[in-house]
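One structure below.
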């Protein structure tokens, strides 16, 4: 099956030559979502909590466009510029997922696009949770 690019209306504009998400067979792979406000295209104000919530809300837009929700997520990767913010990020992240939680990797990086503090990507499966 050929990959199908997903670019829903209402999503923040991509900041480079990539698709918001790609569907291949029964899987949806998202690009990393940074905390861009879809209405303004700017980073949301505030700290790691506000940025994590906006990144997850951007993922929610991509999932909803495909008839999915966070229960369909099987893997996530969180990129952070400061792992000292892990506990605060994790508290917001936990509000979006329920058991069984997806597998997850969290990685500290030197920098992220637009000087974001967090970027999150997911893999979701088109199955009934």
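Listed values, structure above:
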read-out	value
Criterion (surrounded by fewer than 15 Cβ atoms within 10 Å (Cβ to Cβ), farther than 21 Å from residue 100 by Cβ, touching a residue at least 24 places away in the same chain (Cβ under 8 Å) and touching a strand residue (DSSP E or B) at 6+ places or on another chain (Cβ under 7 Å)) met by exactly one of 83, 43	83
Candidate set: region 8-34, residues that are surrounded by fewer than 15 Cβ atoms within 10 Å (Cβ to Cβ) and in contact with a helix residue (DSSP H, G or I) (Cβ under 9 Å, 6 or more places away or on another chain); chosen: the one nearest to residue 123 (Cα to Cα)	8
Filter result for residue 97 (surrounded by 11 or more Cβ atoms within 10 Å (Cβ to Cβ), assigned to a helix (DSSP H, G or I) and in contact with a strand residue (DSSP E or B) (Cβ under 8 Å, 6 or more places away or on another chain))	no
Single residue of 63, 68 found to be buried (at least 18 other Cβ atoms within 10 Å of the Cβ), in contact (Cβ under 8 Å) with a residue 40 or more places away in the chain, on the phi < 0 side of the Ramachandran plot and not in a loop (DSSP other than H, G, I, E, B)	63
Some residue of region 30-37 being assigned to a loop (DSSP other than H, G, I, E, B) and free of Cβ contacts under 8 Å to residues at least 24 places away in the same chain	no
Among the candidates 62, 68, residue that is in contact with a strand residue (DSSP E or B) (Cβ under 7 Å, 6 or more places away or on another chain) and closer than 13 Å to residue 120 by Cα	62
Among (1) free of Cβ contacts under 8 Å to residues at least 40 places away in the same chain; (2) at positive phi, the one test that residue 4 misses	(2)
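Throughout, read-outs are computed from the coordinates displayed, never taken from laboratory work. Computed from a predicted structure; not experimentally measured. All Cβ positions, even for glycine, are placed from backbone atoms using ideal geometry, and neighbour counts span all protein chains on display.
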